[in-house]
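These notes concern the structure reproduced below.
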There are 4 protein chains.
Amino acid sequence: MDKVKVAILGGSGYTAVELIKLLLRHPGAEIVAITSRQAEHIADLHPSLLGRLDLRCEPFDPDALKAKGVQVVFGCLPHGTSMESIPPLLERGMRVIDLSADYRLRDVKVYEQWYKETHHDQKNLAQAVYGLPEVYGDKLAGAKLVANPGCYPQTAILGLAPLVANKLIELTGIVIDSKSGVSGGGRTPKLSFHFPECNESVTAYAVGTHRHTPEIEQALSDVAGAPVSVIFTPHLMPMDRGIFSTIYATPTRAVTEAELVELYRSYFADKPFVRLRTNPPATKDTTGTNFLDVCVKVVRGKVLVLAAEDNLVRGASGVAVQNFNRVFGFDERTGLM
Amino acid sequence: MDKVKVAILGGSGYTAVELIKLLLRHPGAEIVAITSRQAEHIADLHPSLLGRLDLRCEPFDPDALKAKGVQVVFGCLPHGTSMESIPPLLERGMRVIDLSADYRLRDVKVYEQWYKETHHDQKNLAQAVYGLPEVYGDKLAGAKLVANPGCYPQTAILGLAPLVANKLIELTGIVIDSKSGVSGGGRTPKLSFHFPECNESVTAYAVGTHRHTPEIEQALSDVAGAPVSVIFTPHLMPMDRGIFSTIYATPTRAVTEAELVELYRSYFADKPFVRLRTNPPATKDTTGTNFLDVCVKVVRGKVLVLAAEDNLVRGASGVAVQNFNRVFGFDERTGLM
Amino acid sequence: MDKVKVAILGGSGYTAVELIKLLLRHPGAEIVAITSRQAEHIADLHPSLLGRLDLRCEPFDPDALKAKGVQVVFGCLPHGTSMESIPPLLERGMRVIDLSADYRLRDVKVYEQWYKETHHDQKNLAQAVYGLPEVYGDKLAGAKLVANPGCYPQTAILGLAPLVANKLIELTGIVIDSKSGVSGGGRTPKLSFHFPECNESVTAYAVGTHRHTPEIEQALSDVAGAPVSVIFTPHLMPMDRGIFSTIYATPTRAVTEAELVELYRSYFADKPFVRLRTNPPATKDTTGTNFLDVCVKVVRGKVLVLAAEDNLVRGASGVAVQNFNRVFGFDERTGLM
Amino acid sequence: MDKVKVAILGGSGYTAVELIKLLLRHPGAEIVAITSRQAEHIADLHPSLLGRLDLRCEPFDPDALKAKGVQVVFGCLPHGTSMESIPPLLERGMRVIDLSADYRLRDVKVYEQWYKETHHDQKNLAQAVYGLPEVYGDKLAGAKLVANPGCYPQTAILGLAPLVANKLIELTGIVIDSKSGVSGGGRTPKLSFHFPECNESVTAYAVGTHRHTPEIEQALSDVAGAPVSVIFTPHLMPMDRGIFSTIYATPTRAVTEAELVELYRSYFADKPFVRLRTNPPATKDTTGTNFLDVCVKVVRGKVLVLAAEDNLVRGASGVAVQNFNRVFGFDERTGLM
């Protein structure tokens, strides 16, 4: 089988470089183009790529990408910009896996409420598949537009899916307390990510207003078949990468930990990237991998779910490759194990 | 006024060295003895003290301490050991401020349930004052035995006190999600605190079993005048010091954020070490200080309290000095501002 | 004695906030003004100051400072800007302790060569005292303009002073390999100080071109009474603060370690902020202090000097207070122990 | 071609887990046994391996390894222990790549002087190949016993090889100032690697006595064809992994930077794992890779070489796989790109 020809839109950020490293190891993918206006050569943007990928950055030009035979484009642009760049690619028959938030929320009003921006591409939004393979896997084969999921939402959705699918917890008031490494904030220098500011410190941010809230709720509502609402609080940790979510839910009936562990084991049995753990996971054990580690506990009548992942791999570029595998018919683990 | 003659029991740990640094700046305290078997000179144990305190460590000998005129002893020994060492000091008329957990829980059965150890000093336990000055301040003047509070509990108790004192939240099911720097684990090398294990990682530990749980509940029940129960989950962060607690409570009636901010402002008006913040606090802004920073929010019908402190100062040695000030009649800010 | 009225020019950076914290503890200083255009209140710039200093920032106005009775101004502005702001202060009779590099190099040509900028205030440069108290202490009493020394140079100058003063090492080709925490780079966000870039990484920068090179050479040449030249290589470490310099020199005759230790002990006997150590110092043992820790070794015929300090205290704001003490006749340790 | 059957001796440390991860990706290797007495399952020792390698640890038994068809054993035991375990493996016809120091120094007297231990296996020492492929590559094909090189030495040897091979620098008094992450110290908890001790700190250790000194000198003397002696000073950095060496040498004649860059380019042209950089390398750009990044500068008449690597990959387990590739006739990049 020929390698799938791949392009990356927006090569300067952390998800792009992570994606490049993953694709370089993938036996079925070939990176043929990377767009960026910030440097001439990709190794100028990311010195770690010196000697690994010899490719010049190019300006964004859908026709040029088409002419190179690009079959799929990974979008690593910010939200807002994504929905401007993606329609001409789809028109030219290229598939798109978009790592931005632009095609994640089905309801335009919800998008506009949380992102404070008008949505300009409702047409393609209608056909976008939310790319969380463990939940929406059956829609991914051959998909034209995949909305790659957010980093935080994956811990919450997969952490809670067995419970809401089985109506074992109350669907409102679920508390999701998440802790993230700094790379989640992107590569643009800002005071809050300046080393001497965020090192040796922990703080919460976007309390009650974080844009991943409706994304979590949309997917969990799908799983539950009923509206779910959550209290989601993200925190900034002094480390490069990793997300740890501690989730507190109220069971709808008396449950035992043993029963829940069994439920989780069964639910994740055919999901190779979710690892069930007996002890609380540590983000470090997921670093550089596409694993999402989950542990479920019962404490004083509440159900606690602890979930950990690498925010740049499982949380972004790794799951994008998993989606790529699903779209093009590779085994979903290809290039990720 | 003459300086109060002070001794420190157990000079080798982090709370001891922090306490020494604070006391060296205190105009009303003089360190006359430090006990430890681990080194000859205190600067051998703590190289940072070279040139700041020229004192040899000595074995524990209550009579020798008495002979030196020691008026108050700060206990920096582990729980279990503390209750063996403290009775002979009290018998000889020295006051004690104990940083261990041995005299914090009034109910011996609760102690034995959580600490898995028999309590050997119920007599003195009966007269111990729980040393959280903002709550138990009126009992501290002249106290003979002060049980210095735990690091986590202070964020939870002070963070929730205005709410439970005013019966504004439900008293069960309160979620306390706490994040701590590694120094909270003490100075004894262990795999879980080995740099390459805990650096660049976040994990939860002692889920549902942490010993600070009953301490939080005892104090909050005192404030509420009714039993309080909490779900307390501590997490380990890759940083030296700092505790951040995110607290989720269910209001007993509709509340506005403005109303709660006003309540907190009024409650803490005469408490110089509690700073009310409009934005989420950051542990770094409390580092090296005795401040406990608090922020209260209403999110989707839940009350969120965010509280930050330095676990070694406010969480241990700073509040110990604050207790010392109260016991001996100094202004409570002396040596701490 | 009345407190000396102090103003701070440029309140937004790390040296300013560190200086404020030190001056708040100083019994002989009173901060009456802080200039900054970046925020209204000093606690908006530095949330850690909430509840510690209630002062509004003001625009730079020499007459207004004079009217407030300001006796000494600490300059925390960048080089280039400093030499524009300082002359009008000196004209109005205020003393200045300048933390920038503008008045450190006596030879304007050297300044212009390394800083690539024209020097606009040669008049005041002529009267500036280089504020390294251990070397230039006798010129500081009553000085009108003190050029506070750079962070790296202090480790190199004090580390080598006993050797060059006694002509024990060759004066050219001295290797100074320095490692610094990120706060040394200032508070302005840049990619190289963005957390996910510099965390978990070590690199060298400004190899052969760092501006502290001529400053080190000027002071060491003064001590030696002959020209000294060095190879100075700074490195960036993933930590907030601390400088560690490893210095390699060639002795002019056979020396023993014991002999050098004795020489250092004697040289630093009356210098309370230099601590001689038997083992290699660690930056952490100097954190938050004005100490500079030094260790001297002989390895295979070379002399090695290891020197550590806190770059924000000893390296900037602490030595500024030490200079303040010298200028105004306080004991040099006041407010620093 | 059938996969080579591999065993790992001593599975509990950081080099073992890194090696396992690399071998899991290697198309020509199959891990059939791991010895350790510390846990039952390899994922109990290293939770990151859960779901990636399902293998029980076994006691060390050369006959059992032989019976499993093991063709090559990677030794991840400490020095001293290695030379006890390796002879029976060689006797049974298994090849060994030993990551300890036991077979690195050809001269037993030098070993005993630096390691303070008697060498018990001089017989096999005589046939050991020092496994730095860029220098000793022609001896590796089919080697029976490979002494995998130390982490620090590789930066020094490869950084200096072009210079000493061409007699461009003086062979004595070379200064090697190295900075390492904490994982280099191994996985056994010790106070010096306890997070709150080494985090936010830099220090030097083993000044003048580090055991990698003779290893550096042996290899560089081979390259030079004349005795080389160095001053090697290791430092501990607050990060997980990465080594950065700053090397200072005195040229034997006037040299230009351009000339040296050309020399280095040519010397490393056929060495795919050495990347020549124009700017100082950063350890982070080598993390997780087998690259060793080098930059050469001329500063004030001295030659400076800056070299960076990942101490666990290039510095240990990656170069071990590179050696494995050489021994068994794979392309040396297999499994490492």
Checklist outcome for this item: XL table A:167/B:302; B:21/C:284; A:297/B:109; A:5/A:139; Cα-Cα > 19 Å flagged, in table order, is A:167/B:302; A:297/B:109; A:5/A:139
Item to check | 5 angstrom amide H check on residue B:34, placed H, neighbours 5+ away | outcome: B:8, B:58
Checklist outcome for this item: Quick P(r) readout (segment C:53-102; Cα-Cα; 5 Å bins; whole %) gives 5, 21, 30, 26, 14, 4, 0
Checklist entry - Amide H to amide H, which residues 5 or more places from residue D:292 or on other chains are under 5 Å from it, using H placed in the peptide plane? => result D:274, D:275
Checklist entry - Whose amide H sits under 5 Å from the amide H of residue C:172, counting only residues 5 or more places off or on another chain, with H placed in the peptide plane? => result C:229
Next on the checklist: Using a Gaussian network model on chain C with a 10 Å cutoff between Cα atoms, which of C:147, C:316, C:226 fluctuates the most?
Outcome noted: C:226
Item to check | Once the Cα gyration tensor of segment B:152-310 is diagonalised, semi-axes √(5λ) in Å | outcome: 27, 17, 14
Checklist entry - About its Cα centre, what dipole magnitude does segment B:152-310 give when the only charges are +1 on Lys and Arg Cβ and -1 on Asp and Glu Cβ, stated in debye to the nearest 20? => result 100 debye
Next on the checklist: I'd like the distance separating the alpha-carbon centroids of segment C:55-109 and segment B:118-155, in whole Å.
Outcome noted: 51 Å
Checklist outcome for this item: For the axis mapping D onto C, the chain D residue whose beta carbon sits nearest, plus its rounded distance in angstrom, comes out as D:177, 2
Next on the checklist: What distance in nm lies between label points placed 7 Å from Cα along the C-beta direction at residue A:122 and residue B:262?
Outcome noted: 4.3 nm
Checklist entry - What span do the alpha-carbon atoms of chain B cover on each of the three principal axes, reported in whole Å from largest to smallest? => result 61, 45, 39
Next on the checklist: Quick one: 3J(HN,Hα) in Hz for segment D:197-206, Karplus 6.51/-1.76/1.60 with θ = phi - 60°, rounded, Gly and Pro as x.
Outcome noted: 8, 9, 5, 6, 8, 10, 8, 9, 8, 6
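Please report A:68, D:21, C:116 as a ranked list, fewest other C-beta atoms within 10 angstrom at the top and most at the bottom.
C:116, A:68, D:21
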Checklist entry - Looking only at Cα atoms, what is the convex hull volume of segment B:95-140 per residue, in Å³? => result 83 Å³
Next on the checklist: Between segment B:291-337 and segment A:292-337, how far is it from one alpha carbon centroid to the other, in angstrom?
Outcome noted: 39 Å
Item to check | segment C:161-244: relative contact order as a whole-number percent, Cα under 8 Å and 6+ apart | outcome: 52 percent
Checklist entry - For peptide D:273-285, how many partner chain Cβ atoms fall within 10 Å of a residue's Cβ, on average? => result 5
Item to check | the protein assembly as shown - convex hull of the alpha-carbon atoms, volume per residue in Å³ | outcome: 183 Å³
Item to check | Dipole-positive endmost among C:136, C:49, C:124 within chain C (Cβ charges, Cα centre) | outcome: C:136
Item to check | Cα-centre dipole for chain A with unit charges at Cβ (Lys and Arg positive, Asp and Glu negative), debye to 20 | outcome: 300 debye
Item to check | Hull-based mean projected area of segment B:177-221, where the convex hull spans the alpha carbons, in square nanometres | outcome: 3.9 nm²
Item to check | Distant alpha-carbon pairs in segment C:158-203 (separation over 13 angstrom), percent | outcome: 67 percent
Next on the checklist: If neighbour count is taken as other Cβ atoms inside 10 Å, put B:213, A:250 in order from fewest to most.
Outcome noted: A:250, B:213
Checklist entry - Looking at segment A:134-227, which GluC sites (Glu not before Pro) are DSSP coil and have at most 16 other C-beta atoms within 10 Å of their C-beta? => result A:170
Item to check | Copies compared at residue B:300 - label distances in nm, ascending, label defined 7 Å from Cα in the Cβ direction | outcome: 2.2, 6.1, 6.3
Checklist outcome for this item: One quarter of the C-alpha convex hull surface, i.e. the mean projected area of segment D:1-102 in nm², amounts to 6.0 nm²
Checklist outcome for this item: Distance in nm between residue C:165 and residue C:269 label points, each 7 Å along Cα→Cβ, equals 1.2 nm
Checklist outcome for this item: Residue-ordered couplings for segment A:177-188, obtained by feeding phi - 60° into the Karplus form 6.51 cos²θ - 1.76 cosθ + 1.60 and rounding to whole Hz (Gly and Pro as x), are 9, 10, 10, 10, x, 6, 4, x, x, x, 9, 7
Next on the checklist: Give me P(r) over segment B:45-201, computed from all C-alpha to C-alpha distances, binned every 5 Å, as integer percentages.
Outcome noted: 1, 7, 13, 15, 17, 17, 14, 9, 4, 2, 0
Next on the checklist: Taking loop as defined by DSSP and a crowding limit of 14 other beta carbons within 10 Å, which trypsin sites (Lys or Arg not before Pro) in segment B:130-217 fit?
Outcome noted: B:167, B:190
Checklist entry - Do the sum for chain C: with -39,500 (n - 2.57) for every DSSP H run of n ≥ 4, divided by all residues, what is the mean residue ellipticity at 222 nm, to the nearest 500 deg cm²/dmol? => result -8500 deg cm²/dmol
Checklist entry - What number, in percent, do you get for the relative contact order of segment B:63-195 if the mean sequence gap of Cα pairs under 8 Å and at least 6 apart is divided by its residue count? => result 20 percent
Checklist entry - Under a point-charge model restricted to the Cβ atoms of Lys and Arg (+1) and Asp and Glu (-1), what is the dipole moment magnitude of segment D:227-337 relative to its Cα centre, in debye to the nearest 20? => result 240 debye
Checklist outcome for this item: Projected onto the charge dipole of segment D:178-299 (unit charges on the beta-carbon of Lys, Arg, Asp and Glu, signs +1, +1, -1, -1), the Cα from D:276, D:252, D:205 with the largest positive-side position is that of D:205
Item to check | GNM flexibility winner over chain A from A:85, A:245, A:12 (Cα, springs under 10 Å) | outcome: A:85
Checklist entry - Using θ = phi - 60° and the Karplus curve 6.51 cos²θ - 1.76 cosθ + 1.60, what whole-Hz ³J(HN,Hα) does each residue of segment B:52-69 get, with Gly and Pro shown as x? => result 10, 8, 9, 9, 8, 6, 9, x, 6, 8, x, 5, 5, 5, 4, 5, 7, x
Checklist entry - How high is the relative contact order of segment C:152-311, in percent, counting Cα pairs under 8 Å that sit 6 or more residues apart? => result 31 percent
Item to check | Low-density loop cleavage sites - GluC sites (Glu not before Pro) in segment C:48-126, where at most 16 other Cβ are within 10 Å (DSSP) | outcome: C:117
Checklist entry - To the nearest 0.05, what FRET efficiency results for residue B:333 and residue C:108 with a Förster distance of 56 Å applied to their C-beta separation? => result 0.70
Item to check | Neighbour-count ranking [beta-carbon atoms within 10 angstrom, fewest first] of D:41, C:119 | outcome: D:41, C:119
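Rule-based calculations on the coordinates, nothing more; no lab input. Since the model is a prediction, treat every value here as computed from it, not as a measurement. Cβ atoms come from the backbone with ideal geometry, glycine included; neighbour counts cover every protein chain shown.
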